[in-house]
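A quick write-up on the structure given underneath.
Every number in this text was worked out from the coordinates using simple rules, so none of it is lab data. What you see is a predicted model; the values in this text were computed from it and never measured. Note that each Cβ is placed from the backbone with ideal geometry, even for glycine, and that neighbours are counted across all protein chains shown.
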Amino acid sequence: MSGNPALDLAGTVTSRRDEPIELLAVPADLERWVAECDELPDRVTADSAAFESALSLREAIYRLACDRVLDRPFDPGGLEIVNNAAAGPMPAIELSDAGLRMSGDLRAVLSQIARSAVAVLADPGARLKECGRTGCTRIYLDRSRGARRTWCGMDECGNRVKAAAYRARRRALATAEGNGSEGTA
C-alpha cells in the first residue's frame with residue numbers, strides 16, 4: 001500500500017494524531033502481517049521480546065519518515081534503532097520452478113524491513129508524502145507520474161475522500177435547488 005515494506009509497517013498504527021488505532025496489538029497480529037507481505041518470509045513466529053523489537057522499529061521508521069517528509073534532520077534515536085536492525089541477518093532466498101521463496105526468523109524479517117527503510121529514506125529522489133485524507137497519518141512513496149498521488153491508497157482513503165466530496169456536492173445541489181425553485185414561477 002505504501003510502496004515500501006518499512007512504510008507499510010509504520011502504517012500499522014492509523015490515525016496517529018486523532019485516535020490512534022493499533023493494528024499490531026499482539027504477537028500473532030505481527031505474524032499475520034508479515035505473512036501477508038510479499039517481500040518477506042511468510043512463516044515467522046514472534047515472542048514478546050521480538051514483538052517489542054518490531055514495535056520499536058516501527059516507531060523509529062515512522063519518526064524518520066516524518067523527518068524526511070517535513071525536511072528536518074533525522075531523529076538520532078530512530079537512526080540508531082533502524083541502523084542496528086539493518087545490521088542483522090538477512091532472510092535466505094531460494095529459487096525454484098515455483099518462483100522465489102524467502103525464509104528466516106523474525107530477526108531476519110526486521111533486518112530486511114530496516115534495510116528497506118534505509119534505502120527509501122536515503123534516496124533523495126524518493127517522494128515520500130503523508131496521506132491527504134484528514135485523519136490518516138500513513139506515509140507513502142509516491143511513484144505516480146508527476147508526483148500527483150494524494151492518498152496512501154485508493155481503496156481506503158481515496159474512496160472515502162471522493163465519496164465525501166460527492167455527498168457534499170449532492171447536498172449543495174439539493175440546497176441550491178430548494179432555495180432557487182421557490183422564488184421562480
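So what is the relative contact order for the stretch 2-108, in percent, with contacts set as C-alpha pairs under 8 Å and at least six apart?
Details: 117 pairs, mean separation 24.5, N = 107.
Computed value for the stretch 2-108: 23 percent relative contact order.
Less than 5 angstrom separates the built amide H of T137 from those of S15, R16, all sequence-distant by 5 or more or on a different chain. Taking other Cβ atoms within 10 Å as a rough exposure proxy, C66, C136, C37 sort from fewest to most as C37, C66, C136. Label point of A49 set 7 angstrom out along Cα-Cβ; within the stretch 91-111, amide nitrogens under 18 Å from it belong to 105-111. Set against the 2.2 N^0.38 Å expectation for a compact globular protein, the stretch 5-125 has a Cα radius of gyration ratio of 1.06.
Exposure proxy for T137, T175: other Cβ atoms within 10 Å of each Cβ, ordered fewest to most, give T175, T137.
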